[in-house]
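> Below are the structure tokens for one structure; questions will follow.
The values are calculated or read from the model by the stated rules, or taken from the named source; none is laboratory data. Keep in mind that what you see is a predicted model, and the values were worked out from it rather than measured. Quick reminder, even Gly has a Cβ in these numbers, built from the backbone with ideal geometry, and neighbours come from all protein chains shown. With ligands, DNA and RNA removed, areas are computed over all heavy atoms of the protein, side chains included. Shrake-Rupley method; radii C 1.70, N 1.55, O 1.52, S 1.80 Å.
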Amino acid sequence: MSAARPTVYFHRVCPFAQRAMIMVHEAMHATADPAILNVKEVSLNDMPTWYAGGINRRETLPGLKFPDGTSYPESLLIAKYIDTAYLAPCLLYTSDAADEEDSVDLGGRRIIKKKKKKT
């Protein structure tokens, strides 16, 4: 018997869901397992009531639901989960530059803005 797997809910025209689905496809390719995650498409025009009640109360896509009942309602959270759980090395670049006000992170290159001198 196979272990329970998380389920990703998406719609193909939603750009935020597309971000999550890119990560799902990368994970499937990296692990050579096309069934590491369950994937289900949800209609944007006729959102099921069970989706808002159990996955994302804001009724937005994508959503990720774990077998224990917890869920992630944001595409970035879903992408980070898939990245850390299934992909090594991580595809998403992380650095402290995003947390600092005086620098910008551009795909692994850290650019530090020059501070203005007081006159």
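> Of all the accessible heavy-atom surface of segment 23-74, with the other protein chains kept in place and a 1.4 Å probe, what percent is carbon and sulfur?
That fraction is 48 percent.
> If you don't mind, there's one more thing I want to ask. Using a 1.4 angstrom probe, figure out how much accessible area segment 1-71 has per residue, in square angstrom, rounded to the nearest whole.
Details: 4420 Å² over 71 residues.
Heavy-atom accessible area per residue stands at 62 Å².
> May I ask you to order 47-59, 15-27 by the average number of other C-beta atoms within 10 Å around their residues, highest value first? Kindly include the intermediate steps, with their values, before the conclusion.
On the way: 47-59: 13.8, 15-27: 18.2.
The densest-packed peptide leads the list: 15-27, 47-59.
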